Amino acid sequence: MSDILTLEGVDKTYDTGFNALSNINLSIRRGEIFALLGPNGAGKTTLIGIICGIVNATAGRIVVDSHDTQNDFRQARKQIGLVPQELSINIFDSVWNTVHFSRGLFGCPPDDAYLEQLLKNLSLWEKKDSRIMALSGGMKRRVLIAKALAHQPTILFLDEPTAGVDVELRREMWAMIRRLRGEGVTIILTTHYIEEAEDMADRIGVINKGKLMLVEDKHALMRELGRKSLTVLLSKPITQLPTELMRDDLQLADDGASLIYHYSTAETDSGVSELLAQLQSAGIHYQDLQTRQSSLEEIFVSLVEEKA
Amino acid sequence: MNHYGIKAIYCYELARAWRTIMQSIASPVLSTSLYFIVFGSAIGSRIVEIDGISYGAFIVPGLLMLTILTESTSNASFGIYMPKFTGSIYEILSAPVSGAEIVIGYVGAAATKSVILGLIILLTARLFVDYSIMHPLWMLMFLILTALTFSLLGFLIGLWANSFEQLQIIPMMVIAPLTFLGGTFYSITMLPEFWQKVTLLNPVVYLVSGFRWSFYGSADVHVGVSLGMIALFMAICIAAITWVFSTGYKLKP
Ligand SMILES: Nc1ncnc2c1ncn2[C@@H]1O[C@H](COP(=O)(O)OP(=O)(O)OP(=O)(O)O)[C@@H](O)[C@H]1O
Ligand SMILES: [Mg+2]
């Protein structure tokens, strides 16, 4: 798969002197769903703003489908649609007018049939003559999506599309994102909901304090996610593991009261029953067992904490 | 050139004016009519002719200028300030439109509105005072140039403003006084010599004078000077806007 978007050494220091992004290098593949995860203030919105031309980068180069966003901004921007994080819209406009405006602004000739279908897909057709102020929050967000799609972009940015959205609308939105991906649109979304990234994305990037900590295929992350640990609470503390039990995936806790065994659910044999049999024969008695599965959230938190 | 983009901005802005027609057309027409009634008919009948023109007719160009200046400035400043205020500016910044195209859309719409308004006021004035237009084409040209220039100024104000107070302060504190003192209601030759010299520092004098010349053929300063001053002022505004866009000042963090 070829890359549709590449960022090289993107840096941003705001006028306040705050360094919001440092040396971001990232390639987005054509047709993928890329989820950008990160805590509040990590720099997600800033990064999207720079790609879309809303924020000036301090340094770096961005290329959209072989068009430089500085020198060839028209061709680059034509391809991009942006759904902003905030509900930034003039509430006095009608739904139809604002969508119509967006299409023209991006240099497309009028195509009422397309806009009609777009509004129908987003369940906004009945509201086409309503003013934005008369819509609910979820509808307003869908209007922003309609505006972003009005010029048929090939790359869609969704900055926290499901923040403040109820379960049903969230599900509808996911379905819409999948449908768009099916049509070949590349989608880059930011979210705080890890399960959303888990469910939707092909690849996941984690950003914290302006640094891109990791970009990983979701399945690779899921393998990481598939790791489990078994804690064996011993009846009596021991000082040292018997030599026959010395192995990489088994540790004795500092207090000697428990053993921790790491294994993967991806493998057919977890090795748990074998371990328990070995303990038995070594004469180590235990009173309780606990298993724990690490979640993407934990991986995420440990990344954010360790590398920060 | 993204002409669909320019058209989108231009039509959007004109539609906004249409939506608020009471505020954008009716109210300036009403207030200017009041001026005509009070100064033109009521008081004017007791004031002697100026340069052989009845007082009511004399103030028509100046009053028209006053309205064009204030309306152009406030229209254009409001037009660009609103998307900044609502945050919907993100869309314009992310669109494939250049700075020049954004300016053409907004300023063009604001100027169009002012010119239409000016023509409506001109027709309304006819109900109250008798005036003639000696050089109609020049009149139209002055009208359009002034509307464009002050829409450019308004656009700059809208870019600069961070609040609604700031948005209103320049039209109120600067443009209105300059217009009143710029020979709207009198010929500057009626002033003592010293004040005549001071008045020549007021750019509005040149606009009103040139505009009045196109009506009655008499002027405080030569019409060529008036034209030159408008051109100069327009060039300054365009240069300032070009600079603003090249730095992203106030629009892009
Ligand atoms: N215009 C600005 N001027 C100065 N600092 C800014 C500006 N905009 C954002 N910042 C700072 O840059 C940092 C990153 O902000 P950004 O909005 O990109 O975060 P985010 O990852 O989108 O956060 P969230 O998840 O809360 O939306 C924050 O610390 C923020 O305070
Ligand atoms: Mg954000």
Subset of the range B:96-127, residues of a type in the set (D, E, K, R), in contact with a helix residue (DSSP H, G or I) (Cβ under 7 Å, 6 or more places away or on another chain) and farther than 18 Å from B:MET22 by Cβ, comes to B:GLU101
A:ASP65 fails exactly one of (1) under 20 Å from A:LEU180 (Cα atoms); (2) within 16 Å of ligand 2 (Cβ to nearest atom), namely (2)
Quick count over the range A:244-276, residues being over 15 Å from A:ARG227 (Cβ atoms), touching a residue at least 24 places away in the same chain (Cβ under 8 Å) and part of a strand (DSSP E or B), is 2
Inset, instruction - Return a yes/no flag: does the range A:98-121 have any residue that is in the same structural domain as A:ARG29 (by TED's automatic domain parsing), within 16 Å of ligand 2 (Cβ to nearest atom) and crowded, with 21+ Cβ neighbours inside 10 Å. - result: no
Self-check item: Filter result for A:LYS128 (open to solvent by 50 Å² or more (accessible area, probe 1.4 Å) and either within 12 Å of chain B (Cβ to nearest Cβ) or within 16 Å of ligand 1 (Cβ to nearest atom) (or both))
Solution: no
Quick count over the range A:52-79, residues being within 10 Å of chain B (Cβ to nearest Cβ), in contact (Cβ under 8 Å) with a residue 60 or more places away in the chain and open to solvent by 10 Å² or more (accessible area, probe 1.4 Å), is 2
Selection from the range A:149-170 of residues of a type outside the set (Ser, Thr, Tyr), at negative phi and within 16 Å of ligand 2 (Cβ to nearest atom) yields A:PHE157, A:LEU158, A:ASP159, A:PRO161, A:ALA163, A:VAL165
Looking across the range A:171-196 at residues that are under 18 Å from A:ILE155 (Cα atoms) and within 16 Å of ligand 2 (Cβ to nearest atom), the single one that is farthest from the other protein chains (Cβ to nearest Cβ) is A:THR191
Checklist entry - Is it true that some residue in the range B:119-133 is among the basic types (Lys, Arg), more than 14 Å from B:ARG212 (Cβ to Cβ), open to solvent by 10 Å² or more (accessible area, probe 1.4 Å) and without any contact (Cβ under 8 Å) to a residue 40 or more places away in the chain? => result yes
For the range B:234-253, pairs from a residue that is within 14 Å of chain A (Cβ to nearest Cβ) and surrounded by 14 or more Cβ atoms within 10 Å (Cβ to Cβ) to a residue that is among the hydroxyl-bearing types (Ser, Thr, Tyr) and part of a loop (DSSP other than H, G, I, E, B), with Cβ under 8 Å and 6 or more apart or across chains, are B:PRO253/A:TYR14
For the range B:198-221 the number of residues that are free of Cβ contacts under 8 Å to residues at least 60 places away in the same chain and either within 27 Å of B:ASP130 (Cβ to Cβ) or touching a His at 6+ places or on another chain (Cβ under 9 Å) (or both) is 6
Given (1) of a type in the set (Lys, Arg); (2) more than 16 Å from ligand 1 (Cβ to nearest atom); (3) more than 14 Å from every other protein chain (Cβ to nearest Cβ), A:LYS140 misses just (3)
Picking from B:SER54, B:SER72, B:SER33, B:SER88, the residue that is within 14 Å of chain A (Cβ to nearest Cβ), of a type in the set (Gly, Ala, Ser) and surrounded by 14 or more Cβ atoms within 10 Å (Cβ to Cβ) would be B:SER88
By residue number, the members of the range A:1-45 that are within 12 Å of ligand 2 (Cβ to nearest atom) and touching a Leu at 6+ places or on another chain (Cβ under 6 Å) are A:GLY43, A:LYS44
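The values are calculated or read from the model by the stated rules, or taken from the named source; none is laboratory data. None of these values were measured; they are calculated from a predicted model. Reconstructed Cβ throughout: ideal geometry from the backbone, glycine too, with neighbour counts over all protein chains shown. The area values use the complete protein model at the heavy-atom level, side chains included, leaving out ligands, DNA and RNA. Shrake-Rupley method; radii C 1.70, N 1.55, O 1.52, S 1.80 Å.
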